[in-house]
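Worksheet: one structure, shown below.
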Amino acid sequence: MASSTMNNSVRPRLLHVGFMVPLNEIMSDNQLLERELGHLNLRYNIYAAVLFHKDSSEDALQSWFDQRKRSSRNGYLRAYYTNKKGDSVVEMDVDGKQFYLITSATTSKPPNQMKIDVGKGLFGERKEFTERIQVPCFPYKWDTNIGFTECEAFITFKNEQRQKQEEKSISS
C-alpha cells in the first residue's frame with residue numbers, strides 16, 4: 001500500500017506543453033485550409049506537444065509556458081499523414097522547428113507515441129500541401145489533474161471568433 005502511494009506522489013503533474021492550433025475555428029475563413037484539410041475528421045482541441053516530462057523537468061515545462069502564455073506564434077502547415085483507421089497528423093513548423101499536430105478525432109494515443117508512429121511510417125505516405133498554410137498557434141500546458149490549460153491569447157482569440165460568428169449570423 002505504501003509503495004502505491006509513493007508511486008502516485010512522484011508522478012509528474014505537468015506532462016507536456018506545446019501549441020494549440022484553432023483549425024476548426026479558422027477553417028471556414030480559409031479556402032486553402034478547407035481544401036487541404038476539410039475532408040479530415042478533426043478533433044476539438046488540436047495540438048502539437050513541444051516538451052515532455054520525460055525529457056524536461058516540470059519547472060522547465062512551466063517556464064516554457066509562462067514565457068509564452070500571453071502571446072501567439074505563426075505556424076506553417078506543410079503536409080499531413082493519415083492511417084487506415086482515419087487517424088491524422090499534420091506536419092507544422094513553429095519558430096523554425098518541426099512539430100506534429102494531433103488532429104485526429106479518433107486517436108487516444110499520447111503525443112509522443114503519435115510522433116514515433118509517424119517516424120515508423122504507420123501513418124502512411126506524407127501528403128504535401130500545394131502551398132504552406134499560415135495558422136495562429138497558442139501555447140498550452142497539460143496537467144494530469146486539470147487537463148489542458150489554454151493561454152490568455154487563445155482565450156481572447158476564441159472570444160473574438162465567437163463574436164465574429166454571432167455578428168455574421170445577425171447580419172445574415
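The values are calculated or read from the model by the stated rules, or taken from the named source; none is laboratory data. These numbers come from a predicted model, not from an experiment. Side chains included, ligands, DNA and RNA excluded: accessible areas come from the protein's heavy atoms. Shrake-Rupley method; radii C 1.70, N 1.55, O 1.52, S 1.80 Å.
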State, in angstrom, two size descriptors of the range 31-145 derived from its alpha carbons: Rg to one decimal place and Dmax to the nearest whole number. 14.4, 41
Check which residues have an amide H placed less than 5 Å from SER56's amide H, if you skip close sequence neighbours. none
So for the chain, averaging the separation of alpha carbon pairs under 8 Å that are six or more residues apart and normalising by length, what relative contact order in percent results? 29 percent
Karplus couplings for the range 45-62 from phi (6.51 cos²θ - 1.76 cosθ + 1.60, θ = phi - 60°), rounded to Hz, Gly and Pro as x? 9, 9, 8, 10, 6, 10, 10, 10, 4, 5, 9, 9, 6, 4, 4, 5, 5, 5
Rounded to whole Hz, the Karplus (6.51, -1.76, 1.60) HN-Hα couplings of the range 72-79, x for glycine and proline: 10, 10, 9, x, 10, 7, 10, 6
Expected vector for the range 22-27, Karplus 3J(HN,Hα) from phi with 6.51, -1.76, 1.60 and θ = phi - 60°, integer Hz, x for Gly and Pro, equals x, 4, 4, 6, 9, 4
Heavy-atom accessible area of GLU91, protein chains in place, probe 1.4 angstrom, given in Å² to nearest 10, is 10 Å²
If the chain between LYS158 and ARG78 were fully extended at 0.36 nm per residue, the gain over the current Cα-Cα distance would be 26.4 nm
